[in-house]
Amino acid sequence: MSRIATRFASLKGRGRTALIPFVTAGDPQPATTVPLMHAMVAAGADLIELGVPFSDPMADGPVIQRASERALAQGVSLHDVLGIVRAFRADDPDTPVVLMGYLNPIEVMGYEPFAAAAQAAGVDGALVVDVPPEEGHDLVAALRGHGLDLVYLLAPTSTDARIRRIGEVASGFVYYVSVKGVTGSASLDTDAVAARVDTIKSLIPLPVGVGFGIKDADTAARVAAVADAVIVGSALVSRIEELGTTPELIPGVIGDFLATLRVAIDAADAG
Amino acid sequence: MRLCKVYEMATTPAMLSDRGPATGAGPGYHWPDANGHFGPYGGLFVPETLMYPLEELRAAYERYLADPEFLAELDADLQDYVGRPSPIYHAVRWSRDLGGAQIYLKREDLNHTGAHKINNTVGQALLARRMGKTRIIAETGAGQHGVASATVAARLGLECVVYMGEVDVARQEANVYRMRLLGARVVSVKSGSRTLKDALNEAMRDWVTNVDDTFYIIGTVAGPHPYPAMVRDFQAVIGREARAQMLARTGRLPDALVACVGGGSNAIGLFYPFIEDAGVALYGIEAAGDGLETGRHAAPLNAGRPGVLHGNRTYLMEDANGQIIETHSVSAGLDYPGVGPEHAWLKDTGRARYDAITDAEALAAFHTLTRTEGIIPALESSHALAYAAKLAPTMGGDQTILVNLSGRGDKDMHTVAKHEGLVL
Ligand SMILES: Cc1ncc(COP(=O)(O)O)c(C=O)c1O
């Protein structure tokens, strides 16, 4: 079993909803990220999504776009992101790490070299935003060959047929995008999300994470009631942005914020 | 034979409808495939949220481009509103000065709004209306596509938002004002390099957010399937007319076609109906900016490599890590780091040749055409003219070159004046 599958299985056994933070690697500085990852785990993160900076983040709102720009200004490349994961892995053999980003940096590295390097660095999966299953065949094959999961997005606009098709190629978990929009968009409608998550679960056997629009403990708790994982990104990244001139404070502040989400999710799981 | 039949055709509106079997270039050329691929290029590289609206668009495009009623409505608009067919013009003095092939100009500059862009926006706006969409968004570089989108939106009473990079807003003020006069909201995009590619990203973000009521009119043959094919089909009216016009005028096909390539829509519109005419050489001209050797240019086919951006695989300008790099061209309409995937395929197959022209060469051609023929060309089109000026002397006086004069230069007065050290 992959590290991601193992983690979800153990959470399920304990009746615990996963908390998945997203941060952009190398934002605001390359040295920030590894301590930040450890702080997030200490605060109750079960899996980490690490954003790979890209010059043209078409599916991201302004907050994550700026994070990408800050990391790129520091020269952070896909190669550097793999180095960050390797450093994290040295002290944390258990927490799964999924890279989230766009295809072109992987195209340049080559699918097979990327998959091999990612596996060697201790990466567990990838979510490549601009690769639908129609275009993902070769990438899936390369990642599978190195024991990596390819995580897919599902959208409010995905038809049942598409959800099934994605279920056939996805592994690890699927990521339901709770709103029509980019990352950091308006808040989600919990009832609508609950209905969609039920539909997805009836169509495919993988754990379902819900992201986009989760801003605070309250939305996290409401999503925890219906999903297997709560994914929070822009709310973290905007706090990181505010601490741009005092990056040494970032792990502590983000850890404290995530801990409040963890408490709310645990309460939802218990109730 | 096909050649003789077309020869009989006059340039009447009926000709606009003569699309032949399907909308294709001929019996042997069948790109893209069902999934929008041109060989290894093209495709559908978008976030999941856009898969449904793109499928909806593909279905509508395939249905209406085979619907005689839709095509009749499109042709009537192209005639009465755009002013088609656009003439071909024999640049006699210029050809004589160059001392070689005879140069003809396809006068897309005479279209309503001053460029070829309107051929596509008229078509996509009609499609938007058939699909029941009430809101139009567009990206623009030079502002020509933005103006053409705002124009059709005004005419059909649709809400219109145009995304334009902050850098382009500053260098194309007159077009920004035109768009506002037409009732469009122009959003100045401040992310990334603040040019056309970033405007496209921002338009995609809008579309992801407003997919239910919004139609995204992409202005060139880039983006995810079906855009490269659909925009080509709407622009192919240029080549269909030109083919018949050259046959009627000279009794044979031209020896060479020359068009500038930004995203590649005016070029593919001209080339497509000639693709199976093996004797017709196709030249696509990119912007070499300060020179290919300086790295300050916008010539992915000449100096880039394949990658994935804006929903398709194509040649890109990128760094060693796959980040898209900033481009440079004196003409905002060519300032784009990618290119339509069909051009990538025509390059690899050798059917078309892609070369590049510097800012300085384009500016020189701008002045030459203006003084010699009394036609002020767009700076984009001036790249094609500059290449034709190099090509003509290498050819015989009985040979012909057809240049796509994709737009007029009115929008470029400030830029050209600035290069002369003047402020208007
Ligand atoms: C007059 C003119 N020609 C050419 C272009 C380049 O676009 P394309 O390569 O799609 O024809 C533009 C774009 O704005 C334009 O305004």
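The values are calculated or read from the model by the stated rules, or taken from the named source; none is laboratory data. For clarity, every value in this text was computed on a predicted model and none was experimentally measured. All Cβ positions, glycine included, derive from the backbone under ideal geometry; neighbour counts span all protein chains shown. The area values use the complete protein model at the heavy-atom level, side chains included, leaving out ligands, DNA and RNA. Shrake-Rupley method; radii C 1.70, N 1.55, O 1.52, S 1.80 Å.
Of the residues making up the range A:125-151, those that are within 7 Å of chain B (Cβ to nearest Cβ), of a type outside the set (Val, Ile, Thr) and either open to solvent by less than 10 Å² (accessible area, probe 1.4 Å) or closer than 21 Å to A:Val97 by Cα (or both) are A:Asp130, A:Pro132.
Any idea which residue in the range B:237-277 is nearest to B:Ile218 (Cα to Cα), counting only those that are in a loop (DSSP other than H, G, I, E, B) and away from the ligand (no atom under 13 Å from the Cβ)?
Of all residues in the range B:237-277, those in a loop (DSSP other than H, G, I, E, B) come to B:251-255, B:261-264, B:275-277.
Restricting the remaining residues to those that are away from the ligand (no atom under 13 Å from the Cβ) gives B:251-255, B:275-277.
Details: B:Gly251: 36, B:Arg252: 34, B:Leu253: 31, B:Pro254: 30, B:Asp255: 31, B:Ile275: 24, B:Glu276: 27, B:Asp277: 29 Å.
Checking each candidate, the answer is B:Ile275.
Just for the range B:112-142: of the residues that are open to solvent by less than 10 Å² (accessible area, probe 1.4 Å) and more than 16 Å from the ligand (Cβ to nearest atom), which one is nearest to the other protein chains (Cβ to nearest Cβ)? Applying the filter and picking the extreme gives B:Ile137. Residues in the range A:102-115 that are out of contact with any His (no Cβ under 6 Å at 6 or more places or on another chain) and more than 10 Å from chain B (Cβ to nearest Cβ): A:Gly110, A:Tyr111, A:Glu112, A:Pro113, A:Phe114.
Taking the criterion of being within 13 Å of chain B (Cβ to nearest Cβ) and either open to solvent by less than 20 Å² (accessible area, probe 1.4 Å) or modelled with pLDDT of 95 or more (or both), the residues of the range A:168-178 that qualify are A:Ala170, A:Val174, A:Tyr175, A:Tyr176, A:Val177, A:Ser178.
Considering the range B:275-291, the residues that are in contact with a Pro (Cβ under 8 Å, 6 or more places away or on another chain) and in contact (Cβ under 8 Å) with a residue 60 or more places away in the chain include one that is surrounded by the most Cβ atoms within 10 Å (Cβ to Cβ), namely B:Glu286. Does B:Ala153 fit the bill of being open to solvent by less than 10 Å² (accessible area, probe 1.4 Å), out of contact with any strand residue (DSSP E or B) (no Cβ under 8 Å at 6 or more places or on another chain) and away from the ligand (no atom under 12 Å from the Cβ)? Judged against the criteria, B:Ala153 is not a match.
Considering only residues that are basic (Lys, Arg) and within 11 Å of another protein chain (Cβ to nearest Cβ), which ones fall in the range A:152-167? Before you say what the answer is, go through the steps one by one.
Initially, the range A:152-167 is screened for residues basic (Lys, Arg), giving A:162, A:164-165.
Answer for the range A:152-167, where residues must be basic (Lys, Arg) and within 11 Å of another protein chain (Cβ to nearest Cβ): A:Arg162, A:Arg165.
Got at least one residue in the range A:63-72 being assigned to a helix (DSSP H, G or I), away from chain B (no Cβ under 11 Å), free of Cβ contacts under 8 Å to residues at least 12 places away in the same chain and open to solvent by 10 Å² or more (accessible area, probe 1.4 Å)? No; the residues of the range A:63-72 include none that is assigned to a helix (DSSP H, G or I), away from chain B (no Cβ under 11 Å), free of Cβ contacts under 8 Å to residues at least 12 places away in the same chain and open to solvent by 10 Å² or more (accessible area, probe 1.4 Å).
Free of Cβ contacts under 8 Å to residues at least 12 places away in the same chain, open to solvent by 30 Å² or more (accessible area, probe 1.4 Å) and within 22 Å of A:Pro105 (Cα to Cα) - does that describe any residue in the range B:296-319? Among the residues of the range B:296-319, at least one is free of Cβ contacts under 8 Å to residues at least 12 places away in the same chain, open to solvent by 30 Å² or more (accessible area, probe 1.4 Å) and within 22 Å of A:Pro105 (Cα to Cα), which makes the answer yes.
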